[in-house]
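Data first, discussion second: the structure below is written as structure tokens.
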Amino acid sequence: MNSLLKTEGLSKHFGGLQAVEGVDLDLNEGEIRAVIGPNGAGKTTLVSLLSGRLRPSSGRIHLNQKDITSFSASRKVQFGIVYTFQVTSLFFNLSCYENVAIAVQGCRAREEGFLPRRESDIRLNVRKVLEQVGIQENEETIAGNLAYGHQRLLEVAMGLASRPKLLILDEPTQGLAESEIKHFCSLIRGLSDSMTILLIEHNMQVVLELAEQITVMDQGRILAEGTPSEIEANIAVQESYLGG
Amino acid sequence: MNRRSPKKTAVLMAGVLLLLFVLQFILPAYHHSTFSKIMVLASYAMGFNILLGYTGLMSLGHAMFFSTGMYATGISVYHFGYTGIPALGIGVLCTVLVSMLLGLVALRTSGVSFLIVTLMFGQAVFLSILYFDQFTLGQDGFTLTKELEPLVLGNASYSYTDPTFKYNAAWFLFALSLVITNILIISPIGRVLIAIRENEERTQMLGYNTYLYKLFAMTLSGALSGLAGSVHALLFSYVGATFAEIHHSIAPLLWTLLGGVGTTLGPLLGTGIMHYLIDFTSGWTSAYLLIVGAILVLLVIGAPQGLMGLVRQKRLPWLP
Amino acid sequence: MEGKEKKPEQSVKNKSQISRRSLFGTTAAVAGAGVLASNLTDPIVRSAYAAGSDAPIRIGFQVHRTGIGATYGKWYERTTNAAAKYINEHGGMGGRPVEIVPEDDGTDPKRGADVVEKFATQHKVDFVYGTLFSHVVMGSSPRAGELKIPYFVVSEGYHVASGALNRYVFQPCITDVRSQISAMSGWIFNNLGKKMTLIYPDYAFGYNHRDYASAAAEKHGAKISAKLAIPPTASSFTRYFAKIPKDTEVIYHVMVGPGVLTFVREMGEHFGSNRPEIFGFIDSLEGVALDSPGLDFLNGTYFWEAMPRYADGYPTHGEKVYRNAVGVDANGASKSDSKDVSTYSHMFGCWETLFAIKEAVEQSGYRDKRDYANLIETFEGFQGFNEGIAHPQGSKMFSGKSHQCYGQQFISKVENSKFDVVHRTSIEDGYYEPETDYTKLPL
Amino acid sequence: MLVWFEDNVALLFLALLDGTVTAFVLALIALGLSLVFGVMRVVNVAHGEFFMLGAVLAWACFHFTGNMPLLGFLLALIVAPVLVGGLAMLSDRFILHRIQYNPESTIVATIGLLYIIQQLVLSFFGPEARPVEAPIYFRVQFPWFGYSGYKLIVAVLSGFLLLVTWFLMVRSKLGLYMRATQQDAEIAQTFGVPTRSVYSKVFAIGAGLAALAGVLVVPIRQADYLMGLEPLLLSFIVVIIGGLGSLRGTLVAAFIVGISDGFISVFYEPTLAKMLATVLVAAVLIVKPTGLFGEEPG
């Protein structure tokens, strides 16, 4: 398997606070990777660095062997790293259709080099993505009026519509009902053929069900890395996280 | 924007334009001339609305674009003897330059800083007009009555200040602005601008370089406002510093808010209502500052969406 | 009362007629006859000749009720109403009453143009009149020209005489800045000093002062040591005074706007007792009481007045009637409020302009809009106006070519916080050849 | 160089003197604006009108006391900030609070307030510029020129008021609340800070500071209803250069702007000085979009 994303000694500090410290991460194409760890472990900071919302204090990020450390967030999206927000961030005053259409349009512009001129091209893709996540009935609903679970799905739909190489999901199941989680897991599993997925998740059931590899973080550092079964067996991890 | 209806929109816009066109044969002299002015000023407000209504950027310095267009055109005619059309071109060119330059600096800031920065640069343009008085003739300004050659089209020649010509030129400018605005908002660029207005960070995280889009919006907005200023200079023959004052920057804000931010017809409605409101009330009170102030306060408290916004909310959800 | 009025007027007329003859020779004697004679006719008697319609003549009054010109606007309005009342009580204009239709222009050229429009097409007035601030005149006059409605301004700027405006704009009763300066410069250079520093507001009105004072200095062999333009936004002036060269013998200052008191006070603080001679334009102190705090410094300095504020400055019969009619006391303040000081050196222009309109209406036999051409040509034929109740500031000479008048000026010295007139110029002191000819423009 | 210095020593001294006085007054006016923004995230466009109201009230006090300058001045020092602060509290209560301090709405609302205040003053006070006598007046004669002693007093009093405000911020309970609210209004609220009333008080204090500046300045110039715009624009320049919300930045920037204004005005031209100040703003923004002492967002 080819390596998609590689970080070397990635660090970020805010003033005196070391949020992320010397992280070396290696993601392969097509894998589903979960990052776990207690609150304040630096997970969100790490993915913020990857997605360009924050600039690293030191260290490098490579995507397909290309150094993208200093790219802005929007450029990183153009190179295929797409982030979906931990705190749902949608265009709340616009319809679901518009929300996804904006993402589709951006994606098509990247792929074809110019903004699409025909709405019909966009409509086709929007409907496909909405169906994929299962909220096609809500096409005309204003995003702000959606149920919370559906908002999370819309968030994922916008991520998908960008056709990422690497999709970063920041606590996607937080606040979802049991049945919704199930639906979500099957959705994600279906995606792993076409993209790499980096998942930050607290719900261990989801992690164990989806992840092929798990990275455990604590106090800004990587504590352990391995398959779900390896991690489960790891006592250090149990102490700091699982055993609580 | 949510439930678009291109057909209804096209019919409505055509209807409004037709109505305005026909009105010139009906209106009595005073209102005929007032409507010409309102259409020019509404075009200015529409330029402003592209930035505020469709990109979510509130500028308090738009008079600088209006006056740049006005002065560039006016000076070309007054000092360099250009005729109307080339002078108009020079006006637009200058505004494009100015709005782009301002955008490059001001768009580095966001939120309220952007507001204050545009306000200050607007003031700087006003001061420059006073300072370079050998070209601008300072506070007094100048008139184009004698310098401006009539417009020759084929065999016919039109005086810019002839009422019929004035009305139709103003109508044409208004129609142009309306068409540009409507095309913009159904275009992919307009979709991105609206996305920026709604949630800029999210738009960035979908891979858009929002700075460039905002720069585009700023330039287009400035160009339209400047075009209105150029046309104003030609049709109304006067170029003066009053058009660069801060009050003239607040005016399109007021008109747009009243008519409906982010609606294509709002600026026209707001401009018209304000113009007539001040005109009527000036008969019995000179306290129109109070009227302006009270309307601003009441609008933000009671109806921030403005009149057309209310119509959209209550009756016509497809209204652009 | 009518009987008594005639005598003083007669004597003034003679004096002014002599001075006019000496300057203009036969032309004045011949062409001026009509104006002078008619001007002296008893208004009551004359009103009989214009029978016919007794619908009022409506005059749109563009007034600065708000904005920076509001102080002037207040007094312009009082003067205008007083003049209209007086005219109506004495037979109206050609037998028809005058109706003043005021509209606020906010001292803003934008609104000014709208107001002219409104007058012409909505109120359907006969004439538009009364504007003071030069940028409002500038902004409004194109509209007046396009609408072809006579527009009489009371603004003292040089813009009318410069030829920048159009055939419909007249400034018949207030001398323009250029003429004022030409009239007084000789006295200033001969009596106060030959090395002058100019301080003037940084806009067109100020540039007129700068340019014509410089020209006058050259003519009189005097020298301008420095020219200091002050922006209209300035609120502190100390920094400008530092630039006044040490060899300055006389400071020439003209300021308008709300900063003038500060200006004068800071000038006092800057120089202390060791000051050059100072000559200022009353514009700085229009509407301001001379005993305002901080103005003691002005004692011993000189001012131009177009019309003496204090009643003993120019005690003619016409001036008394005028002062009384407008409601101004002997100190130049409102009769009902002694703190409410008038803009005495400008507002007479409103009074006189209304009488000049009356003159033109009656001589041209004006009835309605269709007579505009006739009225304008009649007005352009005027040679001047004689001193009297209609023209209390003094006789005027009028140029039909430039649509501008020339009048006498006063120089007053501040003594005990009061103006004392020390010199009065003649009309010819301020005369210059008109540099434009509006009569050649189409009507 | 030395020759030039000797030739221009008078101008240099004047530039420094005038610049310093300007800087102190500017700091006092801008401080209110900055305080309000820092705590409430509200840009108060009517700030200049509060300054103007202070000046107008000073005139009223001067007249009420029968033209006794010192008594009127002392009365105005109490009356103006209290009345203007009260007005500010009312506008906070009935306008700003209702629109939930949304940044753009508050700007529009305060523009409305600006017009309303201007019109009321025009209607009840009139269009004239009205002079007020200085409470203490003397002339300081320097070797080259004379200068108003009262202006020096204004600088000292402004400095004193700046110190008082500083002390209030650091030592008082309200100051603590204000700083907490500035850091994070929601967290402050959960710790029991009554943010609602803190907002009202801050808005009143900001307005009161502007009004005090108006009282101090009015004997130097006069009171008129259009006098608010210029200090507003200068304050904006100051807070943008200094960094929105940073009090330290505001003070530093007031001195940069005030003194450079003094020098450029004296040696070149005041209009140029104002234009250059705007260019300076552009330069600062290009280098550091948040201003000299502004916090990085996020």
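Every number here is computed from the coordinates shown, using simple stated rules; none is lab data. Every value quoted in this text rests on a predicted model; they were computed, and no experiment measured them. Virtual Cβ from ideal backbone geometry, glycine too; neighbours counted across all protein chains shown.
Below is a table of values for the structure above.
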item	result
Shielding by partners, peptide A:97-104 (average Cβ within 10 angstrom, other chains)	5
Shape call, chain C: gyration tensor on alpha carbons, a/c limit 1.5	prolate
Within region B:30-59, backbone nitrogen closer than 16 Å to the virtual label 7 Å beyond the Cα of B:Leu176 toward Cβ	B:37, B:39-48
Shielding by partners - mean other protein chain Cβ count within 10 Å, residues of D:119-125	4
Listed pairs C:Lys219/C:Lys401; A:Lys43/A:Lys165; C:Lys335/C:Lys418; A:Lys12/A:Lys66 exceeding 23 Å between Cα atoms	C:Lys219/C:Lys401
Three-way shape call for the protein assembly as shown based on the alpha-carbon gyration tensor, with the a/c threshold at 1.5	prolate
Chain lengthening between D:Tyr268 and D:Leu174 when straightened (0.36 nm per residue, less Cα-Cα)	29.4 nm
Normalised contact order of chain C, rounded percent, pairs of Cα under 8 Å and 6 or more residues apart	18
Virtual paramagnetic centre 7 Å along Cα→Cβ of A:Glu112, amide N under 12 Å, in region B:188-210	B:188
Ascending count of other beta-carbon atoms within 10 Å, so fewest first, for A:Asp121, C:Asp340, A:Asp67	A:Asp67, A:Asp121, C:Asp340
A:Ser57-A:Ser89 FRET efficiency (beta carbon distance; Förster radius 30 Å; 0.05 resolution)	0.75
Cβ-based net charge around C:Pro102, under 9 Å, with every Lys or Arg adding one and every Asp or Glu removing one	-2
Loop sites in region C:244-332: trypsin sites (Lys or Arg not before Pro), DSSP, at most 15 other Cβ within 10 Å	C:Lys246
Ranked by how many other beta carbons lie within 10 Å on average, peptides B:138-146, C:412-420 from highest	B:138-146, C:412-420
Shielding by partners - mean other protein chain Cβ count within 10 Å, residues of B:122-134	5
Region B:6-244: relative contact order as a whole-number percent, Cα under 8 Å and 6+ apart	41
Computed E for A:Phe14/B:Glu201 - FRET, C-beta separation, R0 25 angstrom, nearest 0.05	0.85
Mean-position separation - Cα centroids, region B:165-202 and region D:21-85, in angstrom	44
Three-way shape call for chain B based on the alpha-carbon gyration tensor, with the a/c threshold at 1.5	rounded
Base-10 log of normalised Debye intensity for region B:39-98 (one unit scatterer per alpha-carbon) at q = 0.12, 0.13, 0.20 Å⁻¹	-0.32, -0.37, -0.76
Degrees separating the helix A:119-133 axis from the principal Cα axis of chain A, which is the longest one	50
DSSP-defined antiparallel bridges as percent of all bridges, the protein assembly as shown, nearest 5	50
Centre separation in Å (Cα based) which lies between region C:412-443 and region C:198-220	15
By average C-beta atoms within 10 angstrom, highest first, the peptides D:143-153, B:251-261	B:251-261, D:143-153
Diffusion coefficient, µm² s⁻¹, Stokes-Einstein with Kirkwood Rh over alpha-carbon pairs of chain A at 20 °C and 1.002 mPa s	116
Förster-model FRET efficiency, 51 Å R0, D:Phe138 and C:His90, C-beta, rounded to 0.05	0.35
Contact order normalised by residue count of region A:90-163, Cα under 8 Å, 6+ apart, percent	48
Cα centroid separation, region A:1-24 to region C:115-150 (Å)	73
Mean Cβ count within 10 Å, highest first, over the residues of peptides D:279-285, D:211-217	D:211-217, D:279-285
